[in-house]
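As structure tokens, the structure follows; a few thoughts come after it.
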Amino acid sequence: MFTHPTTGAVTAVDRYRPSADLKRWLLARDQRCRFPGCGHPARECDIDHTKDAATGGPTRADNLGNLCRRHHVAKHQTPWTVEQLHEGTFAWTSPTGRVYLDHPPPPNTVVTDDSTPPF
């Protein structure tokens, strides 16, 4: 298991299946299927190795992403290809060669100010 030096978040594991911490981190990062325009919730998606684990793709956050079953199958059985660029950005290339970038959604955060009473 590999962790981020500052936050302690799990960023990689040395096995095929991601750890519970890594799954949780991917759910928070992706929030939805990472195919451009797909809004299928990440909690109902498959966690996919961008570079296939069978060919040496690591089980790390920068090689994993949530794909709904439809887009997971499309990735493996059609000419669509995908690579991760940086910080969770996916570059999908269509069969015609056009590239579509899918950036991770902004984090769902709530900031409160304790000095203001709630009512």
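Below, the figures for the structure above:
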read-out: Selection count, segment 45-75, where residues are under 18 Å from Arg17 (Cβ atoms), of a type outside the set (Gly, Ala, Ser) and not in a loop (DSSP other than H, G, I, E, B); value: 14
read-out: Matching residues, segment 34-44, being closer than 20 Å to His86 by Cβ and either part of a strand (DSSP E or B) or touching a helix residue (DSSP H, G or I) at 6+ places or on another chain (Cβ under 9 Å) (or both); value: Arg34, Phe35, Ala42
read-out: Selection from segment 51-105 of residues that are touching a Pro at 6+ places or on another chain (Cβ under 7 Å), free of Cβ contacts under 8 Å to residues at least 60 places away in the same chain, surrounded by 15 or more Cβ atoms within 10 Å (Cβ to Cβ) and not hydroxyl-bearing (Ser, Thr, Tyr); value: Leu64, Trp80, Gly88, Trp92
read-out: Residue in segment 95-116 that is assigned to a strand (DSSP E or B), more than 10 Å from the chain's Cα centre (by Cα), within 20 Å of Arg17 (Cα to Cα) and at pLDDT 95 or above present; value: no
read-out: Residues being under 14 Å from Ala28 (Cα atoms) and of a type in the set (Asp, Glu) - total across segment 63-87; value: 1
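The values are calculated or read from the model by the stated rules, or taken from the named source; none is laboratory data. What you see is a predicted model; the values in this text were computed from it and never measured. Methodologically, a virtual Cβ is constructed for each residue, glycine included, from the backbone with ideal geometry; neighbour enumeration extends over all protein chains shown.
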